[in-house]
Every structure is written in structure tokens, then in C-alpha cells.
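Take a look at the structure set out below.
Quick note: the coordinates plus some simple rules give every number you see, no bench work behind them. These numbers come from a predicted model, not from an experiment.
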Amino acid sequence: MIPLNGLVISRSLRQSTRRYLVSVDEDFDGVIRGCAEADRPNGWITDEFVAVYTELHRLGWAHSVEVWDTDWNLVGGLYGVAIGGLFAGESMFHVSRDASKVALVHLVVIMNQGGTLLDVQWQTPHLESMGAVVIGRDEYLRRLPQALAVPGPFEISEG
């Protein structure tokens with residue numbers, strides 16, 4: 001997980017955040033297909049997986065953060081599932097330097113507007129350098145009900 005108050009942003013990443021444009025839920029298909037690119041090593045996202053997550057997006061459960069260059073070319077992003085204050089990240093991609101990291105920075109900003117638990121699922125060197133920590137199953141299960149019980153930043157307010 002990434003503690004919402006523990007994101008590490010290097011100086012070069014801070015500069016990268018100014019180089020790109022960012023949107024939310026504007027091109028879910030582009031992001032999931034970028035993550036599913038056949039040339040990616042250890043690719044695991046099948047067409048069936050894309051179809052299911054696209055339906056979850058249509059229903060308001062799956063969300064994407066898109067990163068664009070100044071010509072509005074999609075150069076990175078991430079997607080995952082949001083339930084209440086939980087965001088469970090599924091995958092991220094980039095075709096330009098730091099683009100997936102910029103997406104993560106913006107996701108943390110969004111999560112700080114009502115989220116409580118950002119589950120990144122894997123402890124990779126990339127995520128660890130940005131502040132990801134491993135918590136045990138017991139601690140995760142202790143935090144999960146609290147996260148699910150609050151309205152999260154992706155929920156549509158009624159009225």
C-alpha cells in the first residue's frame with residue numbers, strides 16, 4: 001500500500017508533473033489497452049479482462065488516471081477499482097519518462113480527498129521508491145472495513 005501521507009516525490013518527478021497533462025476517467029479504454037500492450041514483458045491482461053474491467057468502469061467501479069503530453073497523446077496512466085475509500089490499483093503503463101509515476105502522484109492527490117486505503121498490490125522497486133510499504137494480512141483486514149465504510153473520492157454525490 002501507499003500511505004496517503006507518505007508519497008515520496010523526487011525532484012525529477014516533481015519536474016515531470018509539470019511536463020504532462022492529467023485527466024481522470026477520460027480514456028479508460030486507452031489506459032487499460034496501454035497496460036495490456038502485447039509487447040509488455042509478463043503481460044497478463046487478456047481481451048476478456050479488458051471487457052470485464054470496461055464494464056466495471058461503465059458501472060462506476062473502475063477508474064483511470066490518464067497522462068497526456070502537450071499534444072494530447074496518451075503517454076501513461078493507471079487504472080483500478082474504487083469502493084468507498086479503497087482504491088485497488090490494477091496496472092499502470094508509460095511510453096514517456098515518468099508518465100506512470102505522474103499518474104500515481106495524481107491518484108494520491110485524489111485519494112487525499114476522501115480515500116483511506118491505496119492498495120498497490122505489489123511491492124516493486126518502482127513503487128517502493130515512491131513510498132509503498134508492505135503491511136501484513138491482519139493489518140490490511142483491520143483497515144479494509146474502515147475504508148469500505150466511507151464515501152470515497154470517486155463516488156458520485158447525489159443531489
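Quick notes on this one:
- Helical content of the chain, expressed as a calculated mean residue ellipticity at 222 nm, amounts to -10500 deg cm²/dmol (DSSP H runs of 4 or more residues, -39,500 (n - 2.57) each, divided by residue number, nearest 500).
- Cα-based radius of gyration of the chain once divided by 2.2 N^0.38 Å, which approximates compact folds: 1.00
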